Amino acid sequence: INNKLEELLNRHEFGLDFKFRAGQRKAIVKIAYLCLNNITKNVILNAPTGTGKSIIAIVTSKLFREFEKTGYI
């Protein structure tokens, strides 16, 4: 999962200067791990305003596509 995420970042899929904020990458990897390993089918992310829930969802969905899976936001 981390390698695929690095590939996306190296291809500048989210912009040239894109950087994760604290906790975002960890959340993305955890969500992807849970779903891709069939531990769960659904994840609800509960976080305060401004933590980047939208970018977490967008990047996670893009990461799922790398594994030929889909995500729903």
Exercise. Name every residue in region 43-68 that is open to solvent by 100 Å² or more (accessible area, probe 1.4 Å) and at negative phi, in order of residue number.
Key: Ile44, Asn46, Thr49, Arg65
Quiz item: Just one of the numbered conditions (1) of a type in the set (Ser, Thr, Tyr); (2) under 18 Å from Asn2 (Cα atoms); (3) open to solvent by less than 50 Å² (accessible area, probe 1.4 Å) is not true of Thr40; which one?
Solution: (2)
Quiz item: Among the candidates Ile1, Ile28, which residue alone is among the aliphatic types (A, V, I, L, M) and in contact (Cβ under 8 Å) with a residue 60 or more places away in the chain?
Solution: Ile1
Quiz item: Say we look at region 1-55 and pick out the residues that are in a loop (DSSP other than H, G, I, E, B) and among the β-branched types (Val, Ile, Thr); which of these is nearest to Phe67 (Cα to Cα)?
Solution: Ile1
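The values are calculated or read from the model by the stated rules, or taken from the named source; none is laboratory data. This one's a predicted model, so the numbers in the text were calculated from it and none came from an experiment. For neighbour counting, all protein chains shown are included, and Cβ atoms are generated from backbone atoms with ideal geometry for every residue, glycine included. For the accessible areas, the whole protein counts, side chains as well, though only heavy atoms, and no ligand, DNA or RNA atoms are used. Shrake-Rupley method; radii C 1.70, N 1.55, O 1.52, S 1.80 Å.
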